[in-house]
Amino acid sequence: MKSILFIFTCIFCSVYSQNPITPNAPAQDLSCQKTDAEWRTQLGENAYYVLREAGTERPFSGLYNNHYEQGFYKCAGCDAPLYDSDNKYDSGSGWPAFDRAIEGAISYRKDNKLGYTRIELICSSCGGHLGHMFNDGPRQTTGQRHCINSVALSFVSSNE
């Protein structure tokens, strides 16, 4: 069942992946730069695969997919704040979804790896791959869905 849902999600996402913004490469003056060896030492295997090799975790497998505590989400690579929990919603896609990022936290880049154009979301501080943006999000807000890999995130509760 999850395989069928994953295939449906991929097809659905490809149809609705057009974006009105002009994507740009991440800033050249990244504030958090490390060697590949340093990233491998710091990050676990899955986080390295996603953040440094632009991989994707399996749908419905991530820690933050069904997580709705108040607080904010940070980059698992550099601890830069990325998303406020107030902007998280259940997209049904199997990955955490947000309708917007904290201003300036995300860079956008065209991604044609699957044969069609998607908008890749990258941490502006360390250049880590987070996920992709689609225009099938909540129409009452931004209309955007930032589809993010849980393993690329850490969470800080408002209670801390």
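The values are calculated or read from the model by the stated rules, or taken from the named source; none is laboratory data. Please read these numbers as outputs of a predicted model, since none were measured by experiment. Every residue, glycine as well, gets a Cβ built from its backbone with ideal geometry; the counts of neighbours run over all protein chains shown.
Overview of values
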quantity	calculated
In segment 105-152, residue surrounded by the most Cβ atoms within 10 Å (Cβ to Cβ) [restricted to those that are β-branched (Val, Ile, Thr) and at pLDDT 95 or above]	Ile148
Hits in segment 114-160 (condition: of a type in the set (D, E, K, R), more than 16 Å from Pro81 (Cβ to Cβ) and touching a residue at least 12 places away in the same chain (Cβ under 8 Å))	Arg118, Glu120, Asp136, Arg145
Unique residue being over 20 Å from Gly44 (Cα atoms), part of a strand (DSSP E or B), of a type in the set (Phe, Trp, Tyr) and at pLDDT 95 or above when the list is Phe72, Phe155	Phe72
Failed item, numbered, when Pro26 is tested on (1) more than 13 Å from the chain's Cα centre (by Cα); (2) at pLDDT 95 or above	(2)
